[in-house]
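The values are calculated or read from the model by the stated rules, or taken from the named source; none is laboratory data. Here the structure is a predicted model, which is why all the values come from computation and not from measurement. Please note: Cβ atoms are built from the backbone with ideal geometry, for glycine as well, and neighbour counts cover all protein chains shown.
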Amino acid sequence: MTEATAQIPPGAVKSLGKPAPRRRGIASVNYWWFLIPAMIGVFALIAVPIGFSVYFSLRNYNLQLGSDSFAGIDNYVRLLTGRNADFIAALGRTLLYVVVVIALDFVLAMSQALLLFSMRAGWAKFWRAIFILPILIIPTASAVFWRNVMYAPHNGEFLKVLGLSDVVSPPLGDPQLAFWAIIVTVVWAWSPWVFILLSAGLDQIDKSILEASMVDGATYFQRLRTIILPLMKPVIFVTLSFKALDSFLAFPFVWIMTMGGPGNSTHVLSTYIYQQAFTLLDYGNGSAMAIVMLVISGGLSIAAIFIWQRFYGKEA
Amino acid sequence: MKNRIKRGLLLAIATTGVFAVTACSATTPTPEATNAEDLRGQTIKVLVSSGHQQFNDVWLTELPKFEAETGIKVELDKVNTTDISSTFLRDVTVGGCTIDNVEMLDGGTAAASSRMADLGTFLEADGSSADELLKGQVKFAQTAYTFDDKLAFYPFYSGAKGVAYRQSWFEDPANQAAFKAAYGYDLPNPPTTQDQIVDLAEFFTTPTTSGIVFSGAGDPGESTIDDLIFRQGVDGFQDKDNNAQWGPAHPDNVKKVTEAATYLTDFISNGYTPASIGAMQTADTTANFLAGNTAMDYDHVYLAWNQMVAAQDSLGTIGSFEFPSAEKGNGGISFYWGRGIPECSQHKAASWEFMKWVMSDDIQKNALTKGVGVYVPTSVELLDWAVEQGIVPQGVADSVAHAKAYKVTPVTAQLRQSIGIPAYEKLIGNQLTPGDYAETLGNQMQDAANAAGITN
């Protein structure tokens, strides 16, 4: 026992080792005061808008027609029973968009990240700067650039570069191609975001493990399959979860490049809802669609959180 | 503490009461009761389209002069063309009516009309009348802005489809001889029938040039076929009972729409248009024409007329003409804007002063000459002046002058935007035959009108 501790009375030591129980009432009251600003923010920015949307979704509220009457769940019934075929098509297209964009983003970004991971540091920095260039352009500008330059109907530079200008018609005017043309643009513009996160994840891998496996004679693909990808799983999961939600809410590229056309062939949920609510002023129907979309995206978020906690929570 | 809360509550109640009394007693001055001095110090909020860059110079240099002269402060709120109707309707229904003056696009006029003040009363207070004003307007504008005998909007801005063409090609003796040899009649300059347009489109189509270009997508595309449908003899989108003009109630019109759709798509299937027409809107057709690739551009050619005039140095003479109608006397479609004053505005008199100023010939001439781009004025006198000055092409002026007035209801915008545009794009994309296009579109329009509960 040191000199200092010897001078402390036994009761005091006990009280230092185990804090005295808080006086519950006062402590909890103080705590809640600090939460009020955040609660006001949540209420004003989340609860109120959602509440209004729910309210409007239960009404036949159309500013263009000047109608406003209680409709009960009619708007929802029309949507969920498939009577609005365009909504169902937009929903299906949105899900396809999410899956394809995630898959392409992952393959492209992971390939780039792995390439740089095995590169010398100087070159890796150079290529990293090149790869992330598209993300520095704001999405609206990217969409306008691809709409007016790359896919421009009277120039078709992109198709000329590929030698396809005589084979393929400018894609944004073709109902079969327009949707895929938008996906190409989106992957070009936003895969660097996935690349940055995956690249950062790769940099966290302990290289000594990889060196040890090389000493043991593991091939590149064995290392990739048994070491790199398993260690990267949490990063990949979080990155793709965010990307999935982001893709589900996709709006600017579709709206700027095609506004949902030609022939409604590129509408995703957000553009379709925007058109119904803000172009055609059918707020009742538009609000019901927005709530359905909110439920789906909320479900995706909760599933992502659940999976994260179930499989990676302890590791994290 | 309790006393403080009580005092606070009493103060809040008293303040609310004062506001309520003030609001109730703040009656809107009638046109007769106002004079210039009363308006000094008032602030009006004016909702304009951000797309109307023709007025850039007016807002920048002339508006401050108006403010200094009248003492009325003008707050300009520029919003996207597609958002202007919803922004306005939101404001006057649930937004507290903060807007005092608004530019309204044709599709939004019917829905907004019941919320607008009768401009006739303001005109009468100034010693004029609605009839007097409308007498000086192009034909369609004499009825398009009036709802239930109320002049809801001041006629302002119009547009119509016209054709810009390579006049020097048409005047080339070699071309004229070759055309006569091939078709047995003189090369028409400009053409006056739809059949002549087909012959010309075929004649000028070569491996490197197209005979004709028009918008194949979006709103500009939909309005192209509407123009042809009107020229085929169909009178608008809805009849007097609000039924679809080419729906089940009008089988005769279905045939006319089929003919219009066949006529237009034949240009594509015969290879007289650029292959990429399905992706083209006005900006693209203009670029295509200005690149020297096409003989005739059937679109909103007035928007880029100054560029076309400037391009004559390299392309040779460019002329314009109104697209011929299938039957003589059938005009095409017009696109128009009006300015209005909401009935709920608290500054109607100041708003009217602003209206008179912005619609004056001097200000409109300023917009037409110094702004970015061109619009087509609805005033006959101003339109003639704009044509004389070379600002507006003659072909478009003719189209506007002959344009057909058509009924606009609260559902018209929906019929055109959510049903008409996708159907047109499917027609151009070869997903619908002309017959299917006419029938499907007509049925869908009728369903939408029925669903809206506006048919009789």
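Worth a mention:
- Residue count for region B:405-417 under the criterion of being outside any helix (DSSP H, G or I), more than 13 Å from the chain's Cα centre (by Cα) and more than 10 Å from chain A (Cβ to nearest Cβ): the result is 1.
- Filter result for the condition that a residue is over 25 Å from B:ALA144 (Cα atoms), hydrophobic (A, V, I, L, M, F, W, C) and either within 14 Å of chain A (Cβ to nearest Cβ) or touching a residue at least 24 places away in the same chain (Cβ under 8 Å) (or both), over B:ALA261, B:ALA244, B:ALA249: B:ALA261
- Scanning region B:118-142 for residues that are under 23 Å from B:PRO377 (Cβ atoms) and in contact (Cβ under 8 Å) with a residue 60 or more places away in the chain turns up B:LEU119, B:PHE122, B:ASP126, B:GLY136, B:GLN137, B:VAL138, B:LYS139, B:PHE140, B:ALA141, B:GLN142.
- Just one of the listed residues (A:ILE256, A:ILE302) is farther than 19 Å from A:VAL186 by Cβ and either of a type outside the set (Asp, Glu) or surrounded by 15 or more Cβ atoms within 10 Å (Cβ to Cβ) (or both), and it is A:ILE302.
- B:LYS161 fulfils the conditions (1) modelled with pLDDT of 95 or more; (2) within 14 Å of chain A (Cβ to nearest Cβ); (3) touching a helix residue (DSSP H, G or I) at 6+ places or on another chain (Cβ under 6 Å) except for a single criterion, (2).
- Checked against the criterion of being hydrophobic (A, V, I, L, M, F, W, C), surrounded by fewer than 24 Cβ atoms within 10 Å (Cβ to Cβ), in the same structural domain as B:PHE140 (by TED's automatic domain parsing) and free of Cβ contacts under 8 Å to residues at least 60 places away in the same chain, region B:347-356 contains not a single residue that satisfies it.
- Residue, surrounded by the most Cβ atoms within 10 Å (Cβ to Cβ), within region B:418-432, restricted to residues that are assigned to a loop (DSSP other than H, G, I, E, B) and more than 8 Å from chain A (Cβ to nearest Cβ): B:LEU432
- Restricting attention to region B:40-86 and to residues that are surrounded by fewer than 17 Cβ atoms within 10 Å (Cβ to Cβ), of a type in the set (Val, Ile, Thr) and not in a strand (DSSP E or B), the residue that is modelled with the highest pLDDT turns out to be B:THR61.
- Those residues of region B:295-312 which are over 14 Å from B:VAL374 (Cα atoms) and of a type in the set (Ser, Thr, Tyr), in sequence order: B:TYR298
- The residues in region B:433-456 that are aliphatic (A, V, I, L, M), within 11 Å of chain A (Cβ to nearest Cβ) and either surrounded by fewer than 16 Cβ atoms within 10 Å (Cβ to Cβ) or closer than 17 Å to B:LYS255 by Cα (or both) can be counted, and the count is 1.
- Residue list for region B:95-110, filter: within 13 Å of chain A (Cβ to nearest Cβ) and assigned to a strand (DSSP E or B): B:MET104, B:LEU105
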